[in-house]
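The block underneath contains the structure these notes are about, expressed in structure tokens.
The values are calculated or read from the model by the stated rules, or taken from the named source; none is laboratory data. It should be emphasised that the depicted structure is a prediction, and the values quoted were computed from it without experimental measurement. Neighbour counts are summed over all protein chains in view; Cβ atoms, including those assigned to glycine, are modelled from backbone coordinates with ideal geometry.
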Amino acid sequence: MVLGLAAVVWVGSGFYTVQEAERGVVTRLGKLNDIVLPGLNWKPTFIDSVTRVNVERVSELNTSGSMLTQDENMVQVEMTVQYRVEDPAKYLFSVSNPDDSLKQATDSALRYVIGHMTMDEILTTGRATVRERTWSTLRDIIKTYDMGLLVTDVNFQYARPPEEVKAAFDDAIKAQEDEQRLIREAEAYARGEEPIARGQAQRTIEQAQAYKEAVVLNAKGEVERLSQLLPEYKASPELTRERLYIQTMEKS
């Protein structure tokens, strides 16, 4: 009777539930045995143990500090990384503390990227490059150490120069912004002037065409007039020349 009751208790104690966002990592006598899905499950008590791991929750870590650039300057940078568990078994057993390991990996990846870029690039046009290269380097580190984590996003929060040179870099950034603004203004002016220039060219063409037509018409009229005078000139050349001379003087 006692043994039967104990068996019932033992069986009943083995039921457990894994939530929808979780996976159950089952170990048998201390060794990985299985990964169970959400729902009601059973394990032999004292033989198997279950660790529930949330595989949907997105966590965030932050790394920051002074880092050395390629041109041997120091910059103060900060980056955040968002991640979740991709493989619960690897997350639990590949490294002793995967979250701390990821933070160290992020710091190493960021220092590596900063160390291969100039201060000017980091502070001005290279923010997207820092983000992309750090993310790529971090993926490689995670793959190498088989952490069971998936980085879902990387955000480069800021990069600041040392205080003693901050004013000079602020001036440089402002100069670049002014340059881009002037370029945009010049392009806008050019787009506005182009229709005006086309209109002026069209008017010049039309004026030239009108002048050409007037000259041609005048020439045709003169030819026609001389053609009409030709028979008269043949009949009386001297008289015709004298009359043409008088007409010319009167027009003058």
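The table below lists the values:
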| item | result |
| --- | --- |
| Condition check for Q82: at pLDDT 90 or above and part of a loop (DSSP other than H, G, I, E, B) | no |
| Number of the condition not met by T80 [criteria: (1) within 24 Å of D153 (Cα to Cα); (2) exposed (fewer than 13 other Cβ atoms within 10 Å of the Cβ)] | (2) |
| Pairs, first under 24 Å from T124 (Cα atoms) and in contact (Cβ under 8 Å) with a residue 60 or more places away in the chain in the stretch 77-96, second of a type outside the set (F, W, Y) and not in a strand (DSSP E or B), C-beta under 6 Å, six or more apart | M79/L110; V81/T106 |
| Cβ pairs under 8 Å, 6+ apart, first in the stretch 108-134 and in a loop (DSSP other than H, G, I, E, B), second surrounded by fewer than 17 Cβ atoms within 10 Å (Cβ to Cβ) and among the small types (G, A, S) | T124/A172 |
| Some residue of the stretch 55-76 being surrounded by fewer than 16 Cβ atoms within 10 Å (Cβ to Cβ) and touching a His at 6+ places or on another chain (Cβ under 7 Å) | yes |
| Of residues in the stretch 100-129 being closer than 30 Å to T27 by Cα and within 29 Å of the chain's Cα centre (by Cα), the one surrounded by the most Cβ atoms within 10 Å (Cβ to Cβ) | A105 |
| Any chance V75 is assigned by the TED database to the domain that holds V154 and part of a strand (DSSP E or B) | yes |
| Any strands (runs of 3 or more DSSP E) falling wholly within the stretch 20-63 and containing at least 3 residues that are hydrophobic (A, V, I, L, M, F, W, C), within 20 Å of K90 (Cβ to Cβ) and in contact (Cβ under 8 Å) with a residue 12 or more places away in the chain | 31-36 |
| Residue check for T27: assigned by the TED database to the domain that holds L92, under 23 Å from D99 (Cα atoms) and among the β-branched types (V, I, T) | no |
